[in-house]
1. Volume per residue, Å³, of the convex hull around the alpha-carbon atoms of segment 81-170?
2. Per residue, how many Å² of accessible area does segment 30-170 show with a 1.4 Å probe?
3. Quick one: dipole size for the chain, taken about the Cα centre, charges +1 on Lys/Arg Cβ and -1 on Asp/Glu Cβ, in debye to the nearest 20.
4. Once you have a ≥ b ≥ c as the square roots of the Cα gyration tensor eigenvalues for segment 31-77, tell me rounded if a/c is under 1.5, and otherwise prolate or oblate according to whether a/b is larger than b/c.
5. Express the carbon and sulfur contribution to the solvent-accessible surface of the chain as a percent, rounded to the nearest whole number, probe 1.4 angstrom.
6. Sort Trp149, Trp39, Trp126 from largest to smallest accessible area, using a 1.4 Å probe on the heavy atoms of the protein chains.
7. Please turn the phi angles of segment 101-107 into ³J(HN,Hα) values with the Karplus equation 6.51 cos²θ - 1.76 cosθ + 1.60 (θ = phi - 60°), one per residue in order, whole Hz, x for glycine and proline.
8. By average Cβ neighbour count within 10 Å, what is the ranking of 88-100, 10-22, 69-81 from highest down?
Amino acid sequence: RVRERGTTVFRPIIYGNTAVVLTPKERELLASPDHTHRWTVAVRSAASAPDSDQVGGADDLSYFIKRVTFKLHDTYPNPSRNIDKAPFELTETGWGEFEIQIRITFVPESGEKAITLYHHLKLHPWTASGEPEIPPLDVAMKLGPVHSWQYDEVVFNDPYHNFLNLMNEH
Ligand code: SLL
(Lines give C-alpha, C1' and ligand atoms only; values in the text may rest on other atoms or scores of the structure.)
Protein backbone atom coordinates (compact mmCIF):
# COMPACT_ATOMS: atom_id res chain seq x y z
CA ARG A 1 0.00 0.00 0.00
CA VAL A 2 1.58 3.19 -1.24
CA ARG A 3 0.77 6.65 0.02
CA GLU A 4 0.61 9.61 -2.35
CA ARG A 5 2.87 11.89 -0.32
CA GLY A 6 2.14 15.58 -0.61
CA THR A 7 -1.32 14.96 -2.04
CA THR A 8 -4.56 16.07 -0.42
CA VAL A 9 -8.06 15.07 -1.38
CA PHE A 10 -11.16 16.44 0.30
CA ARG A 11 -14.94 16.30 0.09
CA PRO A 12 -17.34 19.07 1.17
CA ILE A 13 -20.05 17.94 3.55
CA ILE A 14 -22.79 19.45 5.64
CA TYR A 15 -24.05 18.08 8.92
CA GLY A 16 -26.86 19.19 11.16
CA ASN A 17 -30.57 18.88 11.66
CA THR A 18 -34.04 19.88 10.59
CA ALA A 19 -36.89 19.86 13.13
CA VAL A 20 -40.67 20.25 12.95
CA VAL A 21 -43.32 20.55 15.65
CA LEU A 22 -45.58 17.51 15.97
CA THR A 23 -49.29 18.07 15.45
CA PRO A 24 -51.54 17.25 18.43
CA LYS A 25 -52.77 14.21 16.48
CA GLU A 26 -49.24 12.94 15.86
CA ARG A 27 -48.45 13.40 19.56
CA GLU A 28 -51.43 11.24 20.54
CA LEU A 29 -50.18 8.41 18.36
CA LEU A 30 -46.68 8.41 19.88
CA ALA A 31 -45.57 6.06 22.61
CA SER A 32 -44.12 9.15 24.33
CA PRO A 33 -46.79 11.89 24.36
CA ASP A 34 -44.34 14.31 26.02
CA HIS A 35 -42.42 14.49 22.74
CA THR A 36 -43.03 17.76 20.91
CA HIS A 37 -40.81 17.60 17.80
CA ARG A 38 -39.73 15.32 14.99
CA TRP A 39 -36.18 15.86 13.85
CA THR A 40 -33.69 14.47 11.37
CA VAL A 41 -29.94 14.64 11.91
CA ALA A 42 -27.77 13.92 8.88
CA VAL A 43 -24.38 13.98 7.20
CA ARG A 44 -24.76 14.90 3.53
CA SER A 45 -22.71 15.98 0.58
CA ALA A 46 -22.55 19.76 0.34
CA ALA A 47 -22.61 19.47 -3.45
CA SER A 48 -25.98 20.68 -4.65
CA ALA A 49 -28.57 18.32 -6.04
CA PRO A 50 -30.76 20.26 -8.48
CA ASP A 51 -33.70 17.87 -8.18
CA SER A 52 -33.89 17.95 -4.39
CA ASP A 53 -35.41 20.55 -2.07
CA GLN A 54 -33.73 19.10 1.02
CA VAL A 55 -30.84 20.85 2.73
CA GLY A 56 -27.62 19.63 1.14
CA GLY A 57 -27.07 17.28 -1.72
CA ALA A 58 -28.58 13.90 -2.35
CA ASP A 59 -25.15 12.55 -3.34
CA ASP A 60 -24.36 9.14 -1.98
CA LEU A 61 -21.26 9.43 0.25
CA SER A 62 -20.95 5.69 0.79
CA TYR A 63 -18.02 5.35 -1.64
CA PHE A 64 -15.82 6.76 1.15
CA ILE A 65 -18.01 6.65 4.29
CA LYS A 66 -18.70 3.23 5.77
CA ARG A 67 -20.69 4.17 8.85
CA VAL A 68 -22.04 7.18 10.68
CA THR A 69 -22.78 6.77 14.38
CA PHE A 70 -25.10 9.31 15.94
CA LYS A 71 -24.68 9.32 19.71
CA LEU A 72 -27.87 10.72 21.24
CA HIS A 73 -28.70 11.97 24.72
CA ASP A 74 -28.86 9.22 27.35
CA THR A 75 -32.61 9.76 27.72
CA TYR A 76 -32.98 7.84 24.43
CA PRO A 77 -33.07 4.04 24.34
CA ASN A 78 -29.96 2.64 22.62
CA PRO A 79 -28.50 6.14 22.25
CA SER A 80 -25.69 5.03 19.93
CA ARG A 81 -27.28 4.67 16.49
CA ASN A 82 -25.27 3.21 13.60
CA ILE A 83 -26.20 4.07 10.04
CA ASP A 84 -24.36 1.77 7.64
CA LYS A 85 -25.64 3.00 4.31
CA ALA A 86 -26.68 6.18 2.59
CA PRO A 87 -28.52 8.36 3.34
CA PHE A 88 -26.55 8.82 6.55
CA GLU A 89 -29.40 10.23 8.59
CA LEU A 90 -31.56 9.47 11.58
CA THR A 91 -35.08 10.62 12.37
CA GLU A 92 -36.41 10.68 15.94
CA THR A 93 -38.93 12.48 18.09
CA GLY A 94 -38.23 14.25 21.36
CA TRP A 95 -38.78 17.28 23.56
CA GLY A 96 -35.34 18.75 24.19
CA GLU A 97 -32.19 20.03 22.54
CA PHE A 98 -28.83 18.38 23.25
CA GLU A 99 -25.43 17.81 21.74
CA ILE A 100 -25.19 14.98 19.22
CA GLN A 101 -21.85 13.28 18.69
CA ILE A 102 -21.42 12.29 15.04
CA ARG A 103 -18.72 9.71 14.39
CA ILE A 104 -17.79 9.09 10.77
CA THR A 105 -15.99 5.84 9.92
CA PHE A 106 -14.37 5.61 6.50
CA VAL A 107 -14.18 2.65 4.14
CA PRO A 108 -11.40 0.21 5.13
CA GLU A 109 -9.35 0.78 1.97
CA SER A 110 -8.89 4.41 3.06
CA GLY A 111 -6.76 3.39 6.04
CA GLU A 112 -8.13 6.56 7.69
CA LYS A 113 -9.09 6.97 11.35
CA ALA A 114 -12.67 7.81 12.22
CA ILE A 115 -13.49 11.46 12.88
CA THR A 116 -15.94 12.92 15.37
CA LEU A 117 -18.09 16.01 14.82
CA TYR A 118 -20.44 17.67 17.29
CA HIS A 119 -23.80 19.20 16.52
CA HIS A 120 -26.21 20.93 18.87
CA LEU A 121 -29.63 19.54 17.97
CA LYS A 122 -31.78 22.60 17.36
CA LEU A 123 -35.54 22.35 17.86
CA HIS A 124 -36.54 25.94 18.67
CA PRO A 125 -36.71 28.69 16.05
CA TRP A 126 -33.84 31.10 15.55
CA THR A 127 -34.63 34.57 16.91
CA ALA A 128 -33.66 37.94 15.42
CA SER A 129 -31.54 38.82 18.47
CA GLY A 130 -29.98 35.38 18.68
CA GLU A 131 -31.19 35.10 22.28
CA PRO A 132 -32.65 31.67 22.98
CA GLU A 133 -36.41 31.74 23.34
CA ILE A 134 -38.90 28.89 23.36
CA PRO A 135 -42.17 30.03 21.78
CA PRO A 136 -45.46 28.21 22.44
CA LEU A 137 -45.86 25.19 20.17
CA ASP A 138 -48.67 26.73 18.09
CA VAL A 139 -46.45 29.73 17.33
CA ALA A 140 -43.46 27.49 16.53
CA MET A 141 -45.62 25.41 14.23
CA LYS A 142 -46.60 28.48 12.18
CA LEU A 143 -42.93 29.47 11.89
CA GLY A 144 -42.25 26.19 10.07
CA PRO A 145 -39.25 23.85 10.07
CA VAL A 146 -36.07 24.81 11.93
CA HIS A 147 -32.76 24.20 10.16
CA SER A 148 -29.29 24.13 11.70
CA TRP A 149 -26.49 22.99 9.41
CA GLN A 150 -22.74 23.35 9.32
CA TYR A 151 -20.36 23.15 6.41
CA ASP A 152 -17.11 21.23 6.70
CA GLU A 153 -14.55 19.50 4.53
CA VAL A 154 -13.35 15.96 5.09
CA VAL A 155 -9.65 16.14 4.27
CA PHE A 156 -7.35 13.20 3.57
CA ASN A 157 -3.63 13.94 3.55
CA ASP A 158 -1.15 11.57 1.90
CA PRO A 159 -3.96 9.22 0.85
CA TYR A 160 -3.22 5.66 -0.20
CA HIS A 161 -2.87 5.39 -3.97
CA ASN A 162 -5.84 3.02 -4.32
CA PHE A 163 -8.01 5.19 -2.12
CA LEU A 164 -7.11 8.30 -4.12
CA ASN A 165 -8.17 6.47 -7.27
CA LEU A 166 -11.43 5.51 -5.62
CA MET A 167 -12.06 9.13 -4.59
CA ASN A 168 -11.28 10.39 -8.08
CA GLU A 169 -13.80 8.01 -9.61
CA HIS A 170 -16.54 10.04 -7.88
C1 SLL B 1 -32.55 19.40 28.34
N2 SLL B 1 -30.22 18.85 28.52
O3 SLL B 1 -32.76 19.26 29.54
C4 SLL B 1 -31.37 18.68 27.74
C5 SLL B 1 -31.69 17.24 27.58
C6 SLL B 1 -32.95 15.53 26.34
C7 SLL B 1 -33.97 15.35 25.32
C8 SLL B 1 -32.66 17.02 26.52
C9 SLL B 1 -35.95 12.24 24.40
C10 SLL B 1 -36.49 11.78 25.67
C11 SLL B 1 -37.14 10.40 25.62
C12 SLL B 1 -35.52 13.67 24.49
O13 SLL B 1 -36.08 14.56 23.86
N14 SLL B 1 -34.46 14.00 25.26
O15 SLL B 1 -37.16 9.76 24.61
O16 SLL B 1 -37.66 10.07 26.70
O17 SLL B 1 -33.22 20.14 27.64
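1. 148
2. 57
3. The dipole of the chain has a size of about 440 debye.
4. Judged from the Cα gyration tensor, segment 31-77 comes out oblate (a/c at least 1.5, b/c at or above a/b).
5. Percent of accessible area from carbon and sulfur atoms in the chain: 51.
6. Values: Trp149 60, Trp39 0, Trp126 165 Å².
Largest to smallest exposure gives the sequence Trp126, Trp149, Trp39.
7. Computed from phi, the couplings for segment 101-107 are 8, 10, 9, 10, 9, 9, 4 Hz.
8. Output ranking for 88-100, 10-22, 69-81: 10-22, 88-100, 69-81.
The values are calculated or read from the model by the stated rules, or taken from the named source; none is laboratory data. Just so you know, these numbers come straight off a predicted model, no measurement behind them. Neighbour counts run over all protein chains shown; Cβ positions are idealised from the backbone, glycine included. To get the accessible areas, we keep the full protein, side chains included, count just its heavy atoms, and leave off ligands, DNA and RNA. Shrake-Rupley method; radii C 1.70, N 1.55, O 1.52, S 1.80 Å.
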